[in-house]
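To keep things clear, I will list the structure first and then write my remarks on it.
Read the figures in this text as sums done on the coordinates, not as results from a lab. Note that the structure is a prediction, hence the values are computed from the model and not measured. Reconstructed Cβ throughout: ideal geometry from the backbone, glycine too, with neighbour counts over all protein chains shown.
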């Protein structure tokens, strides 16, 4: 067994990022990774504008308001309309939120601090400062400065920014294709009538959802029985159709675990055959064509499969997709709510819940069994406590490293 950190390093060293870019419309690009830096030709805001409904004034006219100051209203400016007049001493313009500031005006007095009578407005109190409630041109962003870097995965909150930059389409990397299949004579599809000894294949669905959340395209190839010829055919098919392959089961030391021997026959270089991690020790990682394509043979136990995905596949998929946050797993420090124990022989990951208590992250161990086949507590898990190799316990109240799952 090799340590978890060493396994991650071997995987990332061997993996080659995908090639190929596409241009997508703005309403299609969320979840894709930018292939080039994005900038705008325009300042944000585009021009000086009002942040509130009120009156555009000259600050010098209203800065010492003891008695109400009377100003002549020379214009009304709605959002989307260009000012037609400039503002001179003793004048004001009725203005609405988002409307362009007229020439000469430098401050907004909000309407709650005014009283209007016909074409005059009385300023009842002074604004807090010159420029109050004015959004200046370029305050938020200067034209041609970088907005988003290449390698940034586009989020929904990035879309309005791209729209504001007047980018109707963007250049992105294509999504990596990840083939997924499960192995085992005992596995059946959901909805099957189970015979004694058979179980439902949940791994394929869990991993497909995980892969898609990581910004990749999942290609589900079904269930393969424990037969060498059929397994070899499926592995070959998966390699032909994808950039990376994930299979579950068949990687331990049982009589029907054929994956590693088939990979060797197909010319793969075996990089990893077991990792000092619990759950998830029997992990096979193989490289084809000097890292142009990686194969992950991960354990069949559902919790083991997901722990391997969260801990070791996440950075691999980010690098494969050319995302610039490859190594930034969301690991943080939390307070253990109860004593956490293990045998200390492997780096151990315990399922539980992370919440903020009195302003500090706190980890609560799942009350259900930590068995690698127990799916009941997995659905309630939002974090994994990490007990280092060689450590057998972390006492209640002590700090523990926690892998946050909500970002995966």
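Things worth noting here:
- Degrees separating the helix 4-14 axis from the principal Cα axis of the chain, which is the longest one: 80 degrees
- Calculated FRET value between residue 76 and residue 39, using beta carbons and R₀ = 45 Å, to 0.05: 0.80
- For the range 49-135, the share of DSSP beta bridges that are antiparallel, to the nearest 5, is 80%.
- Helix axis angle, 203-213 relative to the chain longest principal axis, alpha carbon, degrees: 30 degrees
- Computed from label points 7 Å out along Cα-Cβ, the spacing between residue 128 and residue 292 is 6.2 nm.
- Inter-site label distance for residue 357 and residue 192 at 7 Å from Cα along Cβ, in nm: 4.2 nm
- The label point for residue 270 and the one for residue 168, both projected 7 Å from the Cα toward the Cβ, are 5.6 nm apart.
- Taking the square roots of 5 times each eigenvalue of the Cα gyration tensor of the range 49-135, largest first, gives ellipsoid semi-axes of 18, 13, 11 Å.
- The separation of the range 177-251 from the range 280-358, counted between C-alpha centres, amounts to 19 Å.
- For the chain: relative contact order, % (alpha-carbon pairs under 8 angstrom, 6 or more apart): 16 percent
- Only helical runs count toward this figure. For the chain, summing -39,500 (n - 2.57) over DSSP H runs of n ≥ 4 and dividing by all residues gives -4500 deg cm²/dmol at 222 nm.
- FRET E, pair residue 227, residue 63, Förster distance 56 Å, beta-carbon r, rounded to 0.05: 0.05
- Computed extension gain for residue 113 through residue 159, at 0.36 nm per residue and net of the alpha carbon distance, reaches 12.9 nm.
- Angle in degrees between helix 228-241 and the longest Cα principal axis of the chain, rounded to the nearest 10: 20 degrees
- Candidate values [x] 23.9; [y] 27.4; [z] 53.7, label of the one derived for mean projected area of the Cα convex hull in nm²: [y]
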